[in-house]
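These notes are about the structure you will find just below.
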Amino acid sequence: MADTTSSSSPFEKIQIQRDDTTFDAYVVGKEGAPGIVVVQEWWGVEYEIKNHALKISQLGTGYRALIPDLYRGKVTLDVAEAEHLMTDLDWEGAVKDIRASINWLKENGSKKAGVTGFCMGAALAVASSVLVPEVDAAIAFYGVPPSDLADASQAKAPIQAHFGELDSVKGFSDVTAATALEEKLKESSAPYEVHMYPGNRHSFMNRSPEGIQRRKNMGMPDEDEAAVQLAWSRFQTWMTRYLYS
């Protein structure tokens, strides 16, 4: 089942079956290309995650990017509400959504499929590298999963992770969390990279005018286009290596 999100949107809205339920997802990119599940920040499926998915679909020779709607249609621009939505998320159910999304991509023309995520989505991308055997590669931007969800020392898929050196979200995406993740990945059998970006805070990849203003409103005025481009370059190299080979 599919429809378009709007006459001007490049995304196709689809429904994916999981267990005894279905959920909406948004797909962009050429059919038959390697697939990448793009997992939302705590805001929901809003403009910035769609910006990321669209960019990903156009990297190199192209990918098919899919955004699962983990919040089932709920979207917010309010920090307190976003925190509430993330706290109330069924994280194990979200991993099941990601697995169903990976399988949908593979059943619809993608020979290989990876997962990437930002903030909350990053934690779920790391968890998917442990819990979803169908994942061929993972990339996480500033976020690690709670230990009761997934132990990164058990990662099976190749995983790359990115963090801002000045990230202040303690225990989730700060330097301490990044270092702890790297130590866990050293224990795993999976290939991994952990990259730190000096002078950058949380969500530094959000570069739309609205995203930049939202970060400033949250006390994150840093703008480092060079770091963003470096991260995308590393992203492309990683996904090309594991999804196109």
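Just so you know, all these numbers are worked out from the coordinates, no wet-lab data involved. Please read these numbers as outputs of a predicted model, since none were measured by experiment. Neighbour counts run over all protein chains shown; Cβ positions are idealised from the backbone, glycine included.
Listed here are the residues, each with its yes/no results for (1) more than 19 Å from the chain's Cα centre (by Cα); (2) surrounded by 13 or more Cβ atoms within 10 Å (Cβ to Cβ).
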site: ASN206; (1), (2): no, yes
site: ASP222; (1), (2): yes, yes
site: PHE235; (1), (2): no, yes
site: THR240; (1), (2): no, yes
site: SER245; (1), (2): yes, no
Practice task
Mind telling me which of the residues ALA161, ALA140, ALA178 ends up being under 18 Å from the mean Cα position of the chain (by Cα), under 15 Å from PHE118 (Cα atoms), part of a helix (DSSP H, G or I) and of a type in the set (A, V, I, L, M, F, W, C)?
Solution key: ALA178
Problem - Selection from segment 194-208 of residues that are over 10 Å from ALA227 (Cβ atoms) and either assigned to a loop (DSSP other than H, G, I, E, B) or in contact (Cβ under 8 Å) with a residue 40 or more places away in the chain (or both) - result: ARG201, HIS202, SER203, ASN206, ARG207, SER208
Completion exercise
Note on GLY93: of the conditions (1) small (Gly, Ala, Ser); (2) closer than 30 Å to PRO209 by Cα; (3) out of contact with any strand residue (DSSP E or B) (no Cβ under 7 Å at 6 or more places or on another chain); (4) assigned to a helix (DSSP H, G or I), unmet is (2)
Practice task
Please tell me if GLN229 is at negative phi and under 18 Å from the mean Cα position of the chain (by Cα).
Solution key: yes
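Right, GLU83: part of a loop (DSSP other than H, G, I, E, B) and acidic (Asp, Glu) or not? Write out each step before concluding.
Details: part of a loop (DSSP other than H, G, I, E, B): no; acidic (Asp, Glu): yes.
Spelling it out, it is not the case that GLU83 is part of a loop (DSSP other than H, G, I, E, B) and acidic (Asp, Glu).
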Exercise for the section: Output the qualifying pairs, or none if there are none: Cβ atoms under 7 angstrom, residues six or more apart or on different chains, first residue in segment 62-76 and on the phi < 0 side of the Ramachandran plot, second residue basic (Lys, Arg) and in a loop (DSSP other than H, G, I, E, B). Expected result: ARG64/LYS30
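Being crowded, with 21+ Cβ neighbours inside 10 Å, of a type outside the set (Gly, Ala, Ser) and in a loop (DSSP other than H, G, I, E, B) narrows it down to one residue among VAL27, VAL45; which is it?
On the way: VAL27 fails: in a loop (DSSP other than H, G, I, E, B).
Exactly one of VAL27, VAL45 is crowded, with 21+ Cβ neighbours inside 10 Å, of a type outside the set (Gly, Ala, Ser) and in a loop (DSSP other than H, G, I, E, B), namely VAL45.
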Exercise for the section: Return yes or no: is GLU183 surrounded by fewer than 13 Cβ atoms within 10 Å (Cβ to Cβ), closer than 26 Å to LYS156 by Cα, in contact with a helix residue (DSSP H, G or I) (Cβ under 7 Å, 6 or more places away or on another chain) and acidic (Asp, Glu)? Expected result: no
Exercise for the section: Enumerate the pairs (first residue in segment 41-55 and at positive phi and of a type outside the set (Phe, Trp, Tyr); second residue anywhere and surrounded by fewer than 17 Cβ atoms within 10 Å (Cβ to Cβ) and not in a helix (DSSP H, G or I)) with beta-carbon separation below 9 Å, excluding pairs fewer than 6 apart on the same chain, so at least 6 apart or on different chains. Expected result: GLY44/GLY73; GLY44/LYS74; GLY44/VAL75; GLY44/THR76
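Quick one: in segment 75-89, which of the residues that are under 30 Å from GLU134 (Cβ atoms) and out of contact with any Lys or Arg (no Cβ under 9 Å at 6 or more places or on another chain) is surrounded by the most Cβ atoms within 10 Å (Cβ to Cβ)?
First, the residues of segment 75-89 that are under 30 Å from GLU134 (Cβ atoms): 75, 82, 85-89.
Next, from what is left, pick out any that are out of contact with any Lys or Arg (no Cβ under 9 Å at 6 or more places or on another chain): 75, 82, 86-89.
On the way: VAL75: 16, ALA82: 21, MET86: 19, THR87: 8, ASP88: 9, LEU89: 15.
Ranking the qualifying residues of segment 75-89, first place goes to ALA82.
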Exercise for the section: Report, by residue number, each residue of segment 30-42 that is part of a loop (DSSP other than H, G, I, E, B) and either surrounded by 15 or more Cβ atoms within 10 Å (Cβ to Cβ) or out of contact with any helix residue (DSSP H, G or I) (no Cβ under 9 Å at 6 or more places or on another chain) (or both). Expected result: GLU31, GLY32, ALA33, PRO34, GLN40, GLU41, TRP42
